[in-house]
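Have a look at the structure below, then the notes.
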Amino acid sequence: MFIDYITLLLVNMTAGLVILAAFLLRGLGAATEKDWAPGLGIVGLVATLAGLHLALTWPIPQLPQINLRFANAAFGETSVMLGVLFLGAAMAVAKGWRLTPVGIYAAVAGAFAILIGVRIAILELTKYPIPTGIGFVFTGLAGIQTLLVVLRPGARPLRIIAAFDLLVAAALWAFVAAAGYWSHLENWSK
């Protein structure tokens, strides 16, 4: 039996997207902006370490009933991108640096997340391909919108739209993670 820790990545991403939504609404440009660095850093550390292991070692196998090998790249590599984004954002916020370079990376990673989400939905690659695909798409859209927010931090409507998309993505990932834990605990109890 293999250990599938994609649920950890999903819960971490859920927490990170909620933190980022709150940061965009309440922290960006505020006097307390630096206070958000530890939360961003925690998400970045977990996503980077676990994602690197998944992307580099490909521990998720092809099983007789379903091929899960795609998950090593789809979830591992995107977790690494999310992780370095959050680590970069944490460092920039802590040091008072501009977030534009992080936003550019977020937009590029976001475009690829959209591509991955569409492909997962079309190929029906997970147990819940539509919520998973839409989760990738909303996360990707939020990545692109984050660039717009850091380029125009005073544009409150952009912040609200990006935060909304982040929270929709977080809700979708929370559903997928909960379903994963539900089935993992059942399978591992046997």
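Miscellaneous remarks
- Residue ID - surrounded by the fewest Cβ atoms within 10 Å (Cβ to Cβ), chosen from residues in the range 47-70 that are in a helix (DSSP H, G or I) and more than 18 Å from the chain's Cα centre (by Cα): Thr57
- Ala55 touching a Leu at 6+ places or on another chain (Cβ under 9 Å) and either polar (S, T, N, Q) or touching a residue at least 24 places away in the same chain (Cβ under 8 Å) (or both): no
- The lone criterion from (1) more than 18 Å from the chain's Cα centre (by Cα); (2) at pLDDT below 95; (3) surrounded by 13 or more Cβ atoms within 10 Å (Cβ to Cβ) left unmet by Ala73 is number (1).
- Residue check for Arg159: part of a helix (DSSP H, G or I), under 18 Å from Gly27 (Cβ atoms) and of a type outside the set (A, V, I, L, M): yes
- Screening the range 120-161 for residues that are surrounded by fewer than 16 Cβ atoms within 10 Å (Cβ to Cβ) and among the basic types (Lys, Arg) and picking the one that is modelled with the lowest pLDDT gives Lys127.
- Test: residue in the range 89-104 that is surrounded by 14 or more Cβ atoms within 10 Å (Cβ to Cβ), farther than 18 Å from Leu141 by Cα, aromatic (Phe, Trp, Tyr) and more than 12 Å from the chain's Cα centre (by Cα): no
- Test for Leu8: is it part of a helix (DSSP H, G or I), more than 11 Å from the chain's Cα centre (by Cα), modelled with pLDDT under 95 and more than 13 Å from Gly88 (Cα to Cα): yes
The values are calculated or read from the model by the stated rules, or taken from the named source; none is laboratory data. These numbers were taken from a predicted model, which means no experiment stands behind them. Positions of Cβ are backbone-derived with ideal geometry, glycine not excepted, and every protein chain shown enters the neighbour counts.
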